[in-house]
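Colleague: Can you read through this structure? Questions will come right after.
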Amino acid sequence: MAEVAQLFVEHGRTRVAQLDAAWARQDLEGVSTAAHSLTSSAAQLGLTSLSRLARSLEDSGRDGDVAGVALGMAGLGDEFQRAIAALGTLPLA
């Protein structure tokens, strides 16, 4: 399980970076695509809060809901850090 968790952290960081980059470009389709991958992987590990947030970003991006994406992106970094802490793989920092 520790190996799976570590892979999630590594890939999750890439997805969060992709989300940040897409949002910076106001690329809502890119937000939706990156969030889709994060939604699935977080759900598989039981990280329900992160999975719900990523699903919301996915839906908002797909629907062209700029305000919804802005709201989700505002909390993404903190939620991802909480997920890492919940996995016990890395310290919060």
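Colleague: Taking the Cβ of GLY68 as the centre, find all other residues whose Cβ is under 11 Å away and add up their charges (Lys, Arg: +1; Asp, Glu: -1).
Modeller: Details: positive: ARG62; negative: GLU58, ASP59, ASP63, ASP65.
So the surrounding residues net to -3.
Colleague: Okay, which of region 47-78 sit inside 15 Å, backbone N to the point 7 Å along the Cα-Cβ direction of GLN26?
Modeller: 64-70
Colleague: Out of the total accessible area of the chain (probe 1.4 Å, heavy atoms of protein only), what percent is carbon and sulfur? Before the final figure, lay out the partial values.
Modeller: Numbers: 2750 of 5100 Å².
About 54 percent, which is the carbon plus sulfur part of the accessible surface.
Colleague: Here is a follow-up. For the chain, give the magnitude of the charge dipole about the Cα centre (Cβ charges: +1 Lys/Arg, -1 Asp/Glu; no others), in debye to the nearest 20. Display every interim value, and only then the final one.
Modeller: Details: 7 positive and 11 negative charges, 32 e Å.
In debye, rounded to 20, the chain gives about 160.
Colleague: While we're looking at this one, here's another question. Computed from the coordinates I sent, semi-axes √(5λ) of the Cα gyration tensor in Å equals one of (i) 22, 12, 11; (ii) 29, 15, 9; (iii) 25, 19, 11. Tell me the label.
Modeller: Only one listed value fits the structure, namely (i).
Colleague: How many Å² of accessible area per residue for the chain, probe 1.4 Å? Mind dumping the intermediate values first?
Modeller: Details: 5100 Å² over 93 residues.
Result: 55 Å² per residue.
Colleague: Residue separation times 0.36 nm, minus the C-alpha to C-alpha distance between SER40 and ARG13: what's the value? Please list the in-between numbers first.
Modeller: Working: separation 27, 0.36 × 27 = 9.72 nm, distance 1.44 nm.
Result for the pair: 8.3 nm of gain on full extension.
The values are calculated or read from the model by the stated rules, or taken from the named source; none is laboratory data. Note that the coordinates shown come from a computational prediction; the quantities given were computed from them, not determined experimentally. Note: ideal-geometry Cβ built from the backbone for every residue, glycine included; neighbour counts use all protein chains shown. Just the protein is used for accessible areas: all its heavy atoms, side chains included, with ligands, DNA and RNA removed. Shrake-Rupley method; radii C 1.70, N 1.55, O 1.52, S 1.80 Å.
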